[in-house]
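Novice: Right, I'll just put the structure down here and ask away after.
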Amino acid sequence: MSDRYAVVGNPVAHSLSPLIHGLFAAATAQDIEYTKIECPLDGFEETVARFRAEGGRGLNVTVPFKLQALQMATRAHAAAREAGAANALRFSEGEIEAENFDGLALVRDLTRNLGTPLAGARVLLLGAGGAVRGALRPLLAERPASLVIVNRDIGKARQVVGELGHEPRARCCGYGELGAERFDVVVDGTSASLRGELPPIPATVFAPGATAYEMVYGKGLTPFLLLARQAGAVRLADGVGMLVEQAAEAFTWWRGVRPATAPVIERLAVPLT
Ligand code: ATR
C-alpha cells in the first residue's frame with residue numbers, strides 16, 4: 001500500500017498541494033498517495049487523529065489550522081515554534097512533529113529562483129499576520145541591511161517585532177509613516193489581494209531595480225504588483241514559487257528525497273500580466 005499524506009484545511013478544495021506532491025512523487029519514483037481533507041472548523045484534532053490512526057504519515061496544514069497544528073505537536077521544530085504556527089506535520093511511533101517551511105520557502109524563492117539577493121538589502125514587509133510572522137526570522141537570517149514591517153494595526157506590528165527580542169535591523173511603522181523611504185525588496189504578506197485590494201503604500205517605496213513579491217498566488221497581476229510595475233520594480237513575483245518550495249521541503253522531510261522545484265513552478269505559474 002502507498003504511504004498516505006494529505007493537506008488539511010477549510011476551505012481546501014482549490015489546494016494545489018495534491019498536484020504538486022503528485023508531480024514530486026512521479027519525478028522521484030516515490031510510492032505515495034496524497035489527498036485533500038476538508039476539515040470541520042471545530043474538528044481539527046479528531047481529523048488528524050483519525051488520519052494518523054488509519055496509517056497516515058504526514059500532513060500539510062493550511063488555513064485556519066496552523067496554530068492548532070503546532071499546539072497538538074509532541075515535538076515542535078524551531079521554525080514552527082518561532083512562527084507560532086505549523087504548516088507540516090510528520091507522524092511516527094508516539095510522536096507528532098511540527099515544522100514550518102513557509103519562511104524558508106520565501107527566502108529560497110527570492111534568492112535562488114528569482115535571483116534577488118537579501119544580504120544587505122532594504123526589505124519592506126506588508127502585514128503582521130501569520131504569513132509575515134513565519135517569514136521574519138528566515139528573512140533576517142539572510143542579513144538584510146534593514147527590515148521594516150508596516151501594518152494598519154500598528155499594535156500587531158509592534159508585537160511581532162517585539163517577539164524578535166533584540167534585533168536592531170528590524171522595526172515597524174504605520175503606512176502613513178513610510179515617507180520617502182525606499183526598499184530593494186517589498187513583500188506583500190497581507191490578505192488584501194485576496195479581495196482585489198491594495199495596501200496603502202506610496203509608489204515611492206520601490207527603489208530603482210526593486211523586487212516586488214506577492215505572497216498570494218494565482219491571482220495574476222494584483223493591485224500591489226501593478227503598482228510595483230508602474231513604479232519601476234524590475235522583478236515581480238507571486239507566491240507560486242513559495243508554495244512549491246514549501247511543498248518540496250515537506251516532501252524532503254517526509255521522504256528523505258529532494259524533488260526538483262523548477263519544472264513544477266514552471267507548470268503552475270500564472271502569467272503576471
Ligand atoms: P494571515 O494569517 O494569512 O497573515 P491575518 O492574520 O488575517 O492573515 O492577517 C492579514 C493581514 O493582512 C493583516 O496584517 C491585515 O492588516 P491589519 O492587521 O491591520 O488588519 C492585513 N490586511 C488585510 N487587508 C488589508 C488591506 N486592504 N490593506 C492593508 N493590510 C491589509
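Novice: I'd like to know how segment 75-214 sits against the 2.2 N^0.38 Å rule of thumb: what's its Cα Rg over that expected value? Display every interim value, and only then the final one.
Specialist: Details: Rg = 15.4 Å, N = 140, 2.2 N^0.38 = 14.4 Å.
Expressed relative to 2.2 N^0.38 Å, the Cα Rg reads 1.07.
Novice: Something else now. With contacts defined as alpha carbon pairs under 8 Å and 6 or more residues apart, what's the relative contact order of segment 144-260 in percent? Walk me through the intermediate numbers first.
Specialist: On the way: 170 pairs, mean separation 21.6, N = 117.
Over segment 144-260, the number comes to 18 percent.
Novice: Tell me the relative contact order for segment 122-201 as a rounded percent, counting alpha carbon contacts under 8 Å between residues six or more apart.
Specialist: Values: 115 pairs, mean separation 32.9, N = 80.
Value for segment 122-201: 41 percent.
Novice: Tell me, in nm to one decimal, what length is gained between Arg229 and Arg81 on full extension, where the rule is 0.36 nm per residue of separation less the Cα-Cα distance?
Specialist: Difference between extended and current length: 49.7 nm.
Novice: Next up: Could you give the dipole magnitude of segment 26-120 about its Cα centre, charging the beta-carbon of Lys and Arg +1 and that of Asp and Glu -1, in debye to the nearest 20? Write out the running numbers ahead of the final one.
Specialist: Details: 10 positive and 14 negative charges, 62 e Å.
Dipole of segment 26-120, to the nearest 20 debye: 300 debye.
Novice: So what's the gap between the Cα centers of segment 1-49 and segment 159-206, to the nearest angstrom?
Specialist: 33
Novice: Ignoring ligands, DNA and RNA, what percent of the 1.4 Å accessible area of the chain is carbon and sulfur?
Specialist: Working: 6280 of 12080 Å².
Here it works out to 52 percent.
Novice: Counting other C-beta atoms within 10 Å, and keeping those with at most 16, which DSSP coil trypsin sites (Lys or Arg not before Pro) do you find in segment 103-169?
Specialist: Passing both the DSSP loop test and the Cβ count: Arg152, Arg169.
Novice: Here's something else I'd like to know. Please pull out the direction-averaged projected area of segment 3-100, using the convex hull of its alpha-carbon atoms, in nm² to one decimal place.
Specialist: Values: hull surface 24.1 nm².
Result: a mean projected hull area of 6.0 nm².
Novice: Which peptide among 123-132, 200-209 comes first, and what is the full order, when sorted by highest mean count of other Cβ atoms within 10 Å?
Specialist: Numbers: 123-132: 23.8, 200-209: 16.1.
Final packing ranking: 123-132, 200-209.
Novice: Determine the sum of side-chain charges near Leu124: Lys and Arg each +1, Asp and Glu each -1, restricted to other residues whose C-beta is under 10 angstrom from that of Leu124. Intermediate results must be reported in sequence, preceding the final value.
Specialist: On the way: positive: Arg122, Arg182; negative: Glu181, Asp184, Asp188.
With Lys, Arg at +1 and Asp, Glu at -1, the net is -1.
Novice: With a cut-off of at most 12 other beta carbons within 10 Å, and DSSP calling the residue loop, which GluC sites (Glu not before Pro) in segment 1-70 qualify? Please list them. Please report the intermediate quantities before stating the final value.
Specialist: On the way: sites: Glu33, Glu38, Glu45, Glu46, Glu54; in loops: Glu54.
For GluC sites (Glu not before Pro) across segment 1-70 that sit outside H, G, I, E and B with at most 12 neighbouring Cβ atoms in 10 Å, the list reads Glu54.
Novice: Could you give the accessible area per residue of the chain, probe 1.4 Å, as a whole number in Å²? Could the numbers behind the result be given before it?
Specialist: Details: 12080 Å² over 273 residues.
Using a 1.4 Å probe on heavy atoms only, each residue of the chain averages 44 Å².
Novice: I need the shape label for the chain. Rule: rounded when a/c is under 1.5, else prolate if a/b > b/c, else oblate, with a, b, c from the alpha carbon gyration tensor.
Specialist: Working: a/c = 1.96, a/b = 1.57, b/c = 1.25.
Prolate shape, in that a/c is at least 1.5 and a/b is the bigger ratio.
Novice: With a cut-off of 8 Å between alpha carbons and a minimum separation of six or more residues, what is the relative contact order of the chain in percent?
Specialist: Details: 539 pairs, mean separation 40.7, N = 273.
It rounds to 15 percent for the chain.
The values are calculated or read from the model by the stated rules, or taken from the named source; none is laboratory data. Source: prediction; values computed, not measured. Cβ sites come from the backbone with ideal geometry, for glycine too, and all protein chains shown count toward neighbours. Remember, those area values only see protein heavy atoms, side chains included, never the ligands or the DNA or RNA. Shrake-Rupley method; radii C 1.70, N 1.55, O 1.52, S 1.80 Å.
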